[in-house]
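I have placed the structure first, in the form of structure tokens, so that the comments after it can refer back to it.
The values are calculated or read from the model by the stated rules, or taken from the named source; none is laboratory data. All of these numbers come straight from a predicted model, not from anything done at the bench. Cβ: placed from backbone, ideal geometry, glycine included. Neighbour counts: every protein chain shown. For the accessible areas, the whole protein counts, side chains as well, though only heavy atoms, and no ligand, DNA or RNA atoms are used. Shrake-Rupley method; radii C 1.70, N 1.55, O 1.52, S 1.80 Å.
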Amino acid sequence: VNDSNARTSNARTISLGATAHVRSADEALHWALDLEGRLLAGHEDGLHHRVGLDASVLSRTPGAVPRRTSPEEGDRVLARAAASLREAAALLARGEATLELADGQDPERARHVALGLLERAAARADRPDDERAAFARVYRPVRMLPPDSTNALVLQVTEGCSWGRCTFCSLYEGVPFRVKDERALLEHVDGVEALLGAGAAQRTRVFLGDANALLAPMPRLLQALALARARFPAATRDGAGAFVDAFSGRGRTEDELRALRDAGLRRLTVGLESGSLALLRSLRKPSTPDAVAELVRVAHRAGLAVAVTVLAGAGGRTFEREHEVETARVVRALDLGPSDLVFLSPLVGSGGGGVEPLEPAEVSAQARRLNEALGGGPWRVVPYDLRRSIF
Ligand code: SF4
């Protein structure tokens, strides 16, 4: 089906692997799909999109921060994708598109599979309400994922946040905290398996949601990791991760964390936010830098990697200097290694806590200073922007 003579200005290249791709010859247009025909990402004439399982769309122009589109705007992106995928299917059916074959793929069979996938993808993109309804039957909203897990397969062992009162965070507002029991977790995993279908193949990591999954009892956590291994083997390739706060993970012993590691857990993302205890109190974050340090020590002894979150702009002008100095001091004392990460997020909004907030440009300047002050060790400092988070 590799008929390059048939290329026109509409020329399309289609490839099939763990994900499928449709590209125009000049790369101005590109759609990425999972193997159920669900749109994952795309770009059209410089506008980049990422598409969630619930048909939500994040869009950005080059160099800009991604923006969550309104449902109407997102649906228009999906409608354009649907038209484009139908056009690619028609070109392929006429032998006017190039089909890139992976090693050992039979050309006729691949062509048949690609045609079916493109048509299914176009139909899905035309019915975003169906995608939203199917998602809502299985998941509560997945509000954030850390940057090492953006393409993870999420299993919601818990829902919401057990605390929910940090002044800078409204992520789980309106989501009552719940720990799933054995049966509810099994039903959830069944639902995830049915929802993702062949699309699970392109996910190489598991994330145990939501904000404090480690508050679930050990049998539930082990059940989740065992189900992940049994049902989604590809997704366990890079191991599993979870958020943990010092207040929710502190009760976990080294032996328990080692058991979770043996079951597939690899990294805990620990909410530090700041090394200043006074600032944490002002933010109503119910942990202390010492408790974070102890949790990191126990996690390391259990063989787990950690990622520590730091919030640029927290505490505004009131804590500006103290936040930078104390955070650098605490992070540098954590004994982080090459497998560990520091996630540096810009504060979005005022952050509350009765302080004088920094202007957005000042938050960016503080993020640059923190990036400098927190770097230089064997660990990596990674930007973490919640606005880029989509599942
Ligand atoms: S503990 Fe984490 S998820 Fe919960 S309110 Fe605080 S920052 Fe938000």
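Report, in whole Å, the centroid distance computed from the Cα atoms of the stretch 128-176 and the stretch 228-286.
If we compute the Cα centre of each part, the gap is 16 Å.
Amide H to amide H, which residues 5 or more places from ALA240 or on other chains are under 5 Å from it, using H placed in the peptide plane?
VAL206, LEU265, ARG266, ARG267
Leaving ligands, DNA and RNA out of it, report the carbon-plus-sulfur percent of the accessible area of the chain at a 1.4 Å probe.
The C+S portion of the solvent-accessible surface of the chain is 51 percent.
Tell me, what HN-Hα J-couplings in whole Hz come from the Karplus equation 6.51 cos²θ - 1.76 cosθ + 1.60 at θ = phi - 60° for each residue of the stretch 198-209, using x for Gly and Pro?
5, x, 5, 4, 8, 9, 10, 8, 10, 10, 8, x
Residue by residue through the stretch 34-47, which ³J(HN,Hα) values in whole Hz follow from phi under the Karplus form 6.51 cos²θ - 1.76 cosθ + 1.60 (θ = phi - 60°), with glycine and proline marked x?
With the stated coefficients, the stretch 34-47 comes to 8, 7, 9, x, 9, 5, 9, 6, x, 9, 9, 6, x, 9 Hz.
Taking the Cα centre of the stretch 1-155 as the origin and placing charges on Cβ (Lys, Arg +1; Asp, Glu -1), which of LEU101, LEU115, ALA134 is farthest toward the positive end of the dipole?
ALA134
Checking the a/c ratio against 1.5 first, then a/b against b/c, what shape does the Cα gyration tensor give for the stretch 322-391?
Because a/c hits 1.5 or more and a/b fails to exceed b/c, the stretch 322-391 counts as oblate.
Would you grab the residues whose amide H sits under 5 Å from the one on VAL308? Only those 5+ places off in sequence or on another chain, please, with H modelled 1.01 Å from N.
So VAL308 has HN proximity to VAL270, LEU341, VAL342, PHE343.
Report ³J(HN,Hα) in whole Hz for each residue of the stretch 63-70, in order, from the Karplus equation J = 6.51 cos²θ - 1.76 cosθ + 1.60 where θ = phi - 60°; Gly and Pro get x.
In residue order, the calculated couplings are x, 9, 6, x, 10, 6, 6, 5 Hz.
Output the peptides 291-300, 15-24 sorted from most to least packed, where packing is the average of other Cβ atoms within 10 Å over each peptide's residues.
291-300, 15-24
Would you mind checking the tilt of helix 320-332 against the longest principal axis of the Cα atoms of the chain, expressed as 0 to 90 degrees and rounded to 10?
80
Can you pull the one-decimal nm distance between simple spin-label points at ARG284 and GLU182, each 7 Å off the Cα toward Cβ?
Calculated label separation equals 3.8 nm.
Just check the stretch 12-70 against the gyration tensor rule for me: Cα atoms, a ≥ b ≥ c as the square roots of the eigenvalues, rounded for a/c under 1.5, and otherwise prolate or oblate depending on whether a/b exceeds b/c.
oblate
Using the heavy atoms of the protein chains and a 1.4 angstrom probe, tell me the accessible area per residue for the stretch 80-129 in square angstrom.
Heavy-atom accessible area per residue stands at 52 Å².
Does anyone have the angle between helix 107-125 and the longest principal axis of the chain? Alpha-carbon axes, 0 to 90°, nearest 10?
The angle comes out near 60 degrees.
Using amide H atoms built in the peptide plane, which far-off residues or other-chain residues are under 5 Å from GLY209 H to H?
The answer is LEU155, GLN156, VAL157, THR158.
Specify the inter-centroid distance of the stretch 334-391 and the stretch 89-121, based on alpha-carbon positions, in whole Å.
One Cα centre to the other: 44 Å.
Which of the cysteines in the chain are isolated, no other cysteine C-beta under 4.7 Å?
So far as the 4.7 Å Cβ criterion goes, CYS161 stand without a partner in the chain.
How large is the dipole of the stretch 237-381 about the Cα centre if only Lys and Arg carry +1 and Asp and Glu carry -1, each at its Cβ, rounded to the nearest 20 debye?
Rounded to the nearest 20 debye, it is 260 debye.
By how many degrees, 0 to 90 and rounded to 10, does the Cα axis of helix 182-196 deviate from the longest principal axis of the chain?
Helix 182-196 sits at roughly 40 degrees to that axis.
How high is the relative contact order of the stretch 187-238, given as a whole-number percent (alpha carbon pairs under 8 Å, six or more residues apart)?
Taking the mean separation of contacting Cα pairs over the length of the stretch 187-238, I get 51 percent.
Just to confirm, what accessible area per residue do you get for the stretch 234-391 at 1.4 Å probe, in whole Å²?
Counting only protein heavy atoms, the per-residue value for the stretch 234-391 is 42 Å².
Counting Lys and Arg as +1 and Asp and Glu as -1, each charge on the Cβ, what is the dipole of the chain about the Cα centre in debye, to the nearest 20?
Roughly 480 debye for the chain.
Fully extended, how many nm does the chain gain between ALA79 and ALA93 (0.36 nm per residue separation, minus their Cα-Cα distance)?
The ALA79-ALA93 span can extend by a further 2.9 nm.
Take every DSSP beta bridge whose two residues both sit in the chain, then give the antiparallel share in percent to the nearest 5.
So the antiparallel bridges amount to about 45 percent of the total.
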